[in-house]
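We did not get these values from a lab; they are worked out from the coordinates using the rules stated. Everything numeric here is computed off the predicted structure, so don't read it as measured data. Cβ placement follows ideal geometry from the backbone for every residue including glycine, while neighbour counts extend to all protein chains displayed.
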Amino acid sequence: MRLTVFGTGYLGATHAVCMAELGHDVLGVDIDADKIAALTRGQVPFHEPGLPEMLASNLASGRLGFTTSYREAADFADVHFLAVGTPQKKGEYAADLRHVHSVVDTLAPLLVESALVVGKSTVPVGTAAELRRRICATAPAGDAVELAWNPEFLREGHAVQDTLHPDRLVVGVDRDRPGRAERILRQVYAQSLREDTPFVLTDLATAELVKGAANAFLATKVSFINAVAEICEAAGADVTVLADALGHDARIGRRYLNAGLGFGGGCLPKDIRAFMARAGELGVDQALSFLREVDNINMRRRSKVVQLVTAACGGSLLGVNVAVLGAAFKPESDDVRDSPALNVAGMMQLHGATVTVYDPEATANSRRVFPTLDYATSTSEACDNADAILIATEWNEFRALRPEDLAALVRSRSIVDARNCLDPAQWRDAGWTYRGMGR
Ligand code: UGA
């Protein structure tokens, strides 16, 4: 099939590359000429394991191309995916839909024949119905252009695997026009369907809500265990053992139950806020008011980590050296959007600490957001003369650290494990003061 993908960020670039990998002819479209030039050269503008190799092989096969031209895209295919970002509006909880609107308003007037537009971006419920009206009103092909909503559940760091082998496909279609959109999307995802991936066919509103609800549930799960971690801290219990025990109950499950510094990134924080904002617009704000508490619990983890490091440094951060290991919002990503790690690093600096950050992949992005922090190029450089070490992102190279690797470098043997990814006994036995989160 011939497909286009509008937007070449984490979602769009991955989708474009993976659709080509599945054998489709794909054109990725973006207004950012630098991004398009990089992708055309075979460079992925962000860190995503496996994606560069797959981009290169699909460029070489001739199945994948990139352009800034909407006209070229409209002529190239009759199935168009929307994969642009929907960030949080400045000073508001609601999602900013300007990129989605801009793609639709530019593309629709170029659609002269029947086509299918497939939304993948995370949007407030009701957006798809509004976009459908907008497209039909401005496309020369009018009603011959259909709209479907196919939310994306990929995780950064696992984006290729999640796109090629999703755990479910959700497709929302126009209730009044069943058939064609479903048929086309079944063809697009034929390979996944052969692997028995569940295919959930529904209306536009339900499809939009599935995504909002999924991220709200995940955020709630993390904040739930972090709230329990607060109790564990007060009671002298161990939240990691507690989570293992809870996880044996198949109804609860162990995944996504890691207490620590909490969630960040470009999705969960803004998605729960947009979900609350939309509930308010629909007159049912009470239904989601608990998400405000989910957000509060999450933000409290960041202050808690600052307190733990302060305690590790004898009660004040003034004039101390803190090594922060990890800046990305999660491992295997260079994304620092709403990163808890960088947030904590910034707060400690405000309290007078000299903060040196090391991350295996996210240093360039971190520098842009927080130019005043010091950045090291290795763990040992960051830990040189440190009064405390903070593990803020659980990269494998930090999980593998041994106390004896760092003992000779630091000024004080004190480590705060904000991701509960180290073995406390190993560090304590080696003479370190170990502080975890809720353990
Ligand atoms: C999240 C969802 O997991 C995806 O399904 C969704 O498609 C995506 O958002 C999106 O909306 O685009 P992602 O933001 O890549 O994916 O990251 P996650 O792996 O979900 O982690 C989010 C945050 O939660 C990270 O900061 C992570 O450290 C934190 N987390 C996760 C915990 O603190 N504890 C856990 O047990 C799990």
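Roughly how many Å is it from the Cα centre of region 16-33 to that of region 297-374, as a whole number?
Taking the Cα centre of each part, region 16-33 and region 297-374 sit 36 Å apart.
Taking GluC sites (Glu not before Pro) that fall in a DSSP loop and have at most 11 other Cβ atoms within 10 Å as cut points, what is the longest piece of the chain between them?
Here the longest run is 196-439.
Using the Cβ atoms and a cut-off under 12 Å, what net charge is assigned to the surroundings of F275, where Lys and Arg are +1 and Asp and Glu are -1?
Numbers: positive: K211, K270, R273, R278, R292; negative: E208, D271, E281, D285, D295.
In short, 0.
For all pairs of alpha-carbon atoms in region 2-197, what percent lies in each bin of width 5 Å, listed from the first bin to the last filled one?
Pairs per bin, as whole percents: 1, 8, 17, 21, 22, 17, 10, 4, 0, 0.
Using only the Cα atoms of region 42-100, build the gyration tensor, take square roots of its eigenvalues as a ≥ b ≥ c, and label the shape rounded, prolate or oblate: rounded if a/c is under 1.5, else prolate if a/b is larger than b/c, else oblate.
Oblate shape, in that a/c is at least 1.5 and b/c is the bigger or equal ratio.
Kindly work out what percent of the DSSP beta bridges joining two residues of the chain are antiparallel, to the nearest 5.
5
Quick one: compute a quarter of the convex hull surface over the Cα atoms of region 330-393 and quote it in nm².
In nm², the orientation-averaged hull projection of region 330-393 is 4.0.
How many Lys pairs in the chain lie less than 17 angstrom apart by Cα atoms, where the lysines are 8 or more positions apart or on different chains?
Step by step, the pairs that qualify in the chain add up to 9.
Report, in debye and to the nearest 20, how large the dipole of the chain comes out about its Cα centre when Lys and Arg carry +1 and Asp and Glu carry -1 on their Cβ.
Working: 45 positive and 55 negative charges, 135 e Å.
Once rounded to the nearest 20, the dipole reads 640 debye.
Taking square-rooted eigenvalues a ≥ b ≥ c of the alpha carbon gyration tensor, is region 20-134 rounded, prolate or oblate, where a/c under 1.5 means rounded and, failing that, a/b exceeding b/c means prolate?
Since a/c reaches 1.5 but b/c is at least a/b, the shape of region 20-134 is classed as oblate.
For the chain, calculate the relative contact order in percent as a whole number, restricting contacts to Cα pairs under 8 Å that are 6 or more residues apart.
About 12 percent, as a whole number.
Give me the log10 of I(q) over I(0) for region 287-382 at q = 0.12, 0.24 Å⁻¹, as the Debye formula computes it from C-alpha points; what are the numbers?
With one equal scatterer per Cα and no solvent, log10 I(q)/I(0) is -0.40, -1.23.
Going by the alpha-carbon gyration tensor, a ≥ b ≥ c the square roots of its eigenvalues, is region 175-267 rounded (a/c under 1.5) or, if a/c is not under 1.5, prolate (a/b greater than b/c) versus oblate?
prolate
Rounded to two decimal places and with Rh computed the Kirkwood way over Cα pairs, what is Rg over Rh for the chain?
1.01
In the neighborhood of G9, defined by Cβ-to-Cβ distances under 12 Å, what is the net charge if each Lys or Arg adds +1 and each Asp or Glu adds -1? Can you show the working numbers first?
Numbers: positive: K35, K120, R337; negative: D30, D32, E48, E152, E156, D335.
Result for the local shell: -3.
Helix-only estimate, please: 222 nm mean residue ellipticity of the chain, summing -39500 (n - 2.57) across DSSP H runs of length 4 or more and dividing by its residues, to the nearest 500.
Value at 222 nm, helices only, nearest 500: -13000 deg cm²/dmol.
Rounded to the nearest 20 Debye, what is the dipole magnitude of region 2-197 about its Cα centre when Lys and Arg each give +1 and Asp and Glu each give -1 at the C-beta?
Dipole about the Cα centre, nearest 20: 260 debye.
Roughly how big is region 27-86's charge dipole about its Cα centre, with Cβ charges of +1 (Lys, Arg) and -1 (Asp, Glu), in debye to the nearest 20?
Details: 4 positive and 8 negative charges, 21 e Å.
The dipole of region 27-86 has a size of about 100 debye.
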